[in-house]
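S.K.: If you scroll down you'll find the structure; I have some questions about it.
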Amino acid sequence: WGTIEVLAAVLEVDRTGEGGHFSVSLLSSAVHLMGADVLRFLATGEDSAPSQPRAGGAGASHGAYRTADHRWIQVAIGNDRMFERLCQAAGRPEILEDPRFATHLLRGENRYDEQEVMERVFAERDSAEWVKILHEVRIPYALVNRIPEFIADNELSAPFMGVATRTDGTEIPLVRGPLDPESATGESRRVPRLGEDTVSVLRSHLNLSDDAIRDLATRGAFGADPALVL
């Protein structure tokens, strides 16, 4: 999305000679990628099913775990001191005695075994308790918002939500794209009817005459009922 913003800015410089500023965030990009899931939830109340992230090369210490109250929490334990602080604070010092988890390197080699252990550890407490523990022992963490939680937090979700107006005047929700609204120059308008802009596009971009457009319509190029306005 940042690349698209840059390319749009280059075109704007060519057109007007003026530069500008833009911004794009990881959060807005992530919300846009989940746009279909967000709209499905708004229409049906159905939340998309989460998947358990598997441990990566950094070991299971970097991952998301489900807590006792069925929230997900992301943690990043980057060294042996952090791992020791977590085990002690969780009341599970015996994990430190397991030779498979003695060092960061060994935890990486035995990442799937560690993940199973950590899944059980995080399932013992609810998310609020884990937030308190992780904050106190200075371990990077973040609660993972599911779609219902994201929508319920209006301060978080409002900047990414909008509406589209149908031709009959009714409104439907939509998820905004991640492009910076301040840098967008496109005119906002209602949702067009099917085929509404076909003729204008053919005229302006392909320089087709009305006779040529009628001929295409007669031969079915625009469907059985194109409703073209010439």
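The values are calculated or read from the model by the stated rules, or taken from the named source; none is laboratory data. Since the model is a prediction, treat every value here as computed from it, not as a measurement. For neighbour counting, all protein chains shown are included, and Cβ atoms are generated from backbone atoms with ideal geometry for every residue, glycine included. The accessibility values were calculated without ligands, DNA or RNA, using every heavy atom of the protein model including side chains. Shrake-Rupley method; radii C 1.70, N 1.55, O 1.52, S 1.80 Å.
S.K.: How high is the relative contact order of region 75-125, in percent, with contacts defined as C-alpha pairs under 8 Å that are six or more residues apart?
M.R.: Answer for region 75-125 is 26 percent.
S.K.: Between Ala64 and Glu18, what is the label-point separation in nm under the 7 Å Cα-to-beta-carbon projection?
M.R.: With each label point 7 Å from Cα toward Cβ, the separation is 4.1 nm.
S.K.: Take the Cβ-Cβ distance between Val163 and Glu129 as r, set R0 to 45 Å, and report the resulting FRET efficiency rounded to the nearest 0.05.
M.R.: 0.70
S.K.: Let me ask something else. Just the number, please: Stokes-Einstein D of region 1-40 in µm²/s, Kirkwood Rh from C-alpha pairs, 25 °C, 0.890 mPa s.
M.R.: 209
S.K.: Would you please calculate the Kirkwood hydrodynamic radius of the chain over all C-alpha pairs and express it in Å, rounded to one decimal?
M.R.: It is 22.6 Å.
S.K.: Expected output is a single nm value to one decimal: the length gained when fully extending between Asn79 and Arg219, i.e. 0.36 nm times separation in residues minus the C-alpha distance. What is it?
M.R.: Computed gain between Asn79 and Arg219 is 43.5 nm.
S.K.: Can you find, among Tyr65, Phe101, Val121, the residue farthest towards the positive end of the dipole of region 47-171? Put +1 on the C-beta of Lys and Arg, -1 on that of Asp and Glu.
M.R.: Sorting the options by dipole projection puts first Phe101.
S.K.: Let me ask you something else. Which three lengths, in whole Å and largest first, does region 65-124 cover when its Cα atoms are put on their principal axes?
M.R.: 31, 21, 17
S.K.: Give the accessible area for Ile147 in Å² (nearest 10); use a 1.4 Å probe, count only protein heavy atoms, and leave out ligands, DNA and RNA.
M.R.: Number for this one is 10 Å².
S.K.: Let me ask another. If R0 is 30 Å, what FRET efficiency do you get for Ala89 and Glu149 from their C-beta distance, rounded to 0.05?
M.R.: After rounding to 0.05, the efficiency reads 0.75.
S.K.: Just subtract the alpha-carbon distance of Leu11 and His205 from 0.36 nm times their residue separation and send over the number in nm, one decimal.
M.R.: The Leu11-His205 span can extend by a further 68.0 nm.
S.K.: Let me ask you something else. Which value, in debye to the nearest 20, describes the size of the charge dipole of the chain about its Cα centre when Lys and Arg Cβ atoms bear +1, Asp and Glu Cβ atoms bear -1, and nothing else is charged?
M.R.: 180
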